1. Hey, can you tell me all the residues within the chain that are of a type in the set (Lys, Arg) and at pLDDT 95 or above?
2. What residue, among those in segment 17-53 that are of a type in the set (Lys, Arg) and closer than 27 Å to Val2 by Cβ, is farthest from the chain's Cα centre (by Cα)?
3. Could you count how many residues in segment 40-54 are basic (Lys, Arg), assigned to a loop (DSSP other than H, G, I, E, B) and either surrounded by 11 or more Cβ atoms within 10 Å (Cβ to Cβ) or touching a residue at least 40 places away in the same chain (Cβ under 8 Å) (or both)?
4. What number goes with the only condition from (1) out of contact with any strand residue (DSSP E or B) (no Cβ under 8 Å at 6 or more places or on another chain); (2) loosely packed, with under 10 Cβ neighbours inside 10 Å; (3) among the small types (Gly, Ala, Ser) that Ser22 does not pass?
5. For Leu31, only one of the following conditions fails: (1) in contact (Cβ under 8 Å) with a residue 24 or more places away in the chain; (2) in a helix (DSSP H, G or I). What is its number?
Amino acid sequence: FVFVLNLIWSDGTSGTIWRSYSEFFDLQCKLLDNFAEEAGRGKRKVRTIPFLPGR
């Protein structure tokens, strides 16, 4: 799978990037590792990082 993302930066410029599912999966793993509370591993057990659907 390849995802096409249209971006608008804070300075108003825009661009398009392409990312594979595996790149999103790697990002998801890094977010879950680095943000335990948001991953639902904190005291409240509430996950705010969304789940990444399977292929």
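The values are calculated or read from the model by the stated rules, or taken from the named source; none is laboratory data. Just so it is clear, the model here is predicted, and its values are computed rather than measured. Please note: Cβ atoms are built from the backbone with ideal geometry, for glycine as well, and neighbour counts cover all protein chains shown.
1. To start, the set of residues in the chain that are of a type in the set (Lys, Arg) comprises 19, 30, 41, 43-45, 47, 55.
Scanning the chain gives Arg19, Lys30.
2. Arg47
3. First pass over segment 40-54, keeping only residues basic (Lys, Arg): 41, 43-45, 47.
Next, from what is left, pick out any that are assigned to a loop (DSSP other than H, G, I, E, B): 41, 43-45.
Filter once more, keeping what is either surrounded by 11 or more Cβ atoms within 10 Å (Cβ to Cβ) or touching a residue at least 40 places away in the same chain (Cβ under 8 Å) (or both): 41.
Residues flagged as basic (Lys, Arg), assigned to a loop (DSSP other than H, G, I, E, B) and either surrounded by 11 or more Cβ atoms within 10 Å (Cβ to Cβ) or touching a residue at least 40 places away in the same chain (Cβ under 8 Å) (or both) within segment 40-54 amount to 1.
4. So the condition that Ser22 fails would be (2).
5. Only one criterion in (1) in contact (Cβ under 8 Å) with a residue 24 or more places away in the chain; (2) in a helix (DSSP H, G or I) is unmet by Leu31, namely (1).
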